[in-house]
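Visitor: Before we start, here is the structure in question, set down as structure tokens.
The values are calculated or read from the model by the stated rules, or taken from the named source; none is laboratory data. Since the model is a prediction, treat every value here as computed from it, not as a measurement. FYI the Cβ positions are ideal-geometry reconstructions off the backbone, even for glycines, and counts take in every protein chain you see.
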Amino acid sequence: MPPPPPDASTDAGTEPATESSATESSVVESVTEPSVADGADIQDTLDLRLPDELIALFGASDAAVAQGAYAGRIGADARTADKAPARRAASSADDLLDNVADWGPATTSAGVFQLVPVRTERDLPLISRWMNDPAVAAFWELAGPDAVTEAHLRAQIDGDGRSVPCLGVLDGTPMSYWEVYRADLDALARHYPARPHDTGLHLLIGGVADRGRGLGTSLLRAVADLVLDRRASCGRVIAEPDLRNTPSVSAFLSAGFRFAAEVDLPDKRAALMVRDRALRAVL
């Protein structure tokens, strides 16, 4: 997978230092390539073009209509995918993340949430627009023409399956971008004692209205639970927000992650956050 965004703070797309709430929705969680400080408290871990009619809808003044049409498209795609079990079965043999597309929905305090694997022909304009939000660009560094974001997505989609880019769909509306990846197979594993099947998360909340109201914490907990529920071989969920992004670190802590260590990554000093299966019931 490509090097993760420079800042993986939990409040994807939030104004970096302005969100004081521990539940930042501006969750810009992105697990970059961390490096663990020796002796740190880590308990021996081991490594669209959219159709013209949709574009017109997005450009229309009635944003609600546009979002509804887009959400409907995603729902239709999901139903179509459900009718192709043979294709899924064939690809799942090499799936390193236990087929994220089949993980299903999770009920959260904010509504029903689901991860939907990205399709560039459908999702690129939306994700690129989010990446060009200055608050998001400050961490992900993917601002610019659609081709910049497309290259980032393609490196994962056309890769070996160790990283899966997804839209986060809440009550039928795409509102966040996620990357679920094998931390133990990523460059990140060179910087901390990884364990087999460690699973990492990167996240950004797309809409300004969804940031700073605790949504980030709710979704982080829900997705971490999905990982642990759907990946029996995974004992821990990993993340490493920028250490300077206090709201992001707080959101992870509120979502049941523990602070394990400070790590020196190529682009930042990060807080290594860990959600342990063994401590799931008490955090």
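Visitor: If you scan region 235-263, which residues turn out to be more than 25 Å from V136 (Cα to Cα) and more than 17 Å from the chain's Cα centre (by Cα)?
Guide: Across region 235-263, the qualifying residues are G235, A260.
Visitor: Being over 25 Å from W130 (Cα atoms), buried (at least 24 other Cβ atoms within 10 Å of the Cβ) and among the hydrophobic types (A, V, I, L, M, F, W, C) narrows it down to one residue among F257, F252; which is it?
Guide: F257
Visitor: Looking only at region 137-146, decide whether some residue is among the acidic types (D, E), at pLDDT 95 or above and either part of a loop (DSSP other than H, G, I, E, B) or within 18 Å of the chain's Cα centre (by Cα) (or both).
Guide: no
Visitor: Still on this model: Just name the residue that is modelled with the lowest pLDDT out of those in region 251-273 that are under 20 Å from R213 (Cα atoms) and in contact with a strand residue (DSSP E or B) (Cβ under 9 Å, 6 or more places away or on another chain).
Guide: The selected residue is A251.
Visitor: Now, a different point. With D186, D160 as the choices, which residue is crowded, with 23+ Cβ neighbours inside 10 Å and over 23 Å from G104 (Cβ atoms)?
Guide: Of D186, D160, the one residue that is crowded, with 23+ Cβ neighbours inside 10 Å and over 23 Å from G104 (Cβ atoms) is D186.
Visitor: Something else now. Going residue by residue through region 183-192, is there one that turns out to be of a type in the set (K, R) and in contact with a strand residue (DSSP E or B) (Cβ under 9 Å, 6 or more places away or on another chain)?
Guide: So far as region 183-192 goes, no, none of its residues is of a type in the set (K, R) and in contact with a strand residue (DSSP E or B) (Cβ under 9 Å, 6 or more places away or on another chain).
Visitor: Give me the pairs, please: first residue somewhere in region 257-270 and over 9 Å from E240 (Cβ atoms), second residue anywhere and assigned to a strand (DSSP E or B) and among the basic types (K, R), beta-carbon distance under 7 Å, and either six or more positions apart or on two chains.
Guide: Correct list of pairs: F257/R275; E262/R269.
Visitor: Same structure, new question: If only one of D225, D276 is in contact with a strand residue (DSSP E or B) (Cβ under 6 Å, 6 or more places away or on another chain) and not aliphatic (A, V, I, L, M), which one is it?
Guide: Just a single option satisfies the conditions, and that option is D276.
Visitor: Right, something else. Cβ-Cβ below 8 Å, separation at least six or inter-chain, first residue in region 217-240 and closer than 11 Å to R277 by Cα, second at pLDDT below 95 and of a type in the set (S, T, N, Q): which pairs?
Guide: What qualifies is R236/T45.
Visitor: Then there's this: So the check is Cβ under 7 Å with 6+ separation or different chains; which pairs have a first residue in region 102-118 that's under 20 Å from L153 (Cα atoms) and a second one that's in a loop (DSSP other than H, G, I, E, B) and aromatic (F, W, Y)?
Guide: These pairs meet every condition: L115/W103.
Visitor: Looking at (1) closer than 16 Å to W140 by Cβ; (2) in a helix (DSSP H, G or I), find the lone condition where P266 falls short.
Guide: (2)
Visitor: May I ask you to list pairs of residues, at least six apart or on different chains, whose Cβ atoms are under 9 Å apart, with the first in region 139-160 being within 20 Å of D267 (Cα to Cα) and the second being assigned to a loop (DSSP other than H, G, I, E, B) and among the acidic types (D, E)?
Guide: Going by the 9 Å Cβ cut-off, the qualifying pairs are F139/D7; W140/D7; E141/D7; E141/D267; A143/D133.
Visitor: Scanning for something farther than 17 Å from A101 by Cα, within 16 Å of the chain's Cα centre (by Cα) and assigned to a helix (DSSP H, G or I), does region 177-188 turn up at least one residue?
Guide: Yes; the residues of region 177-188 include at least one that is farther than 17 Å from A101 by Cα, within 16 Å of the chain's Cα centre (by Cα) and assigned to a helix (DSSP H, G or I).
Visitor: Can you name the residue in region 210-238 that is under 20 Å from F113 (Cα atoms) and touching a helix residue (DSSP H, G or I) at 6+ places or on another chain (Cβ under 6 Å) and is also modelled with the lowest pLDDT among such residues?
Guide: G216
Visitor: Okay, next question. Among the residues of region 204-227, is there at least one that is touching a Ser or Thr at 6+ places or on another chain (Cβ under 7 Å), acidic (D, E) and not in a loop (DSSP other than H, G, I, E, B)?
Guide: yes
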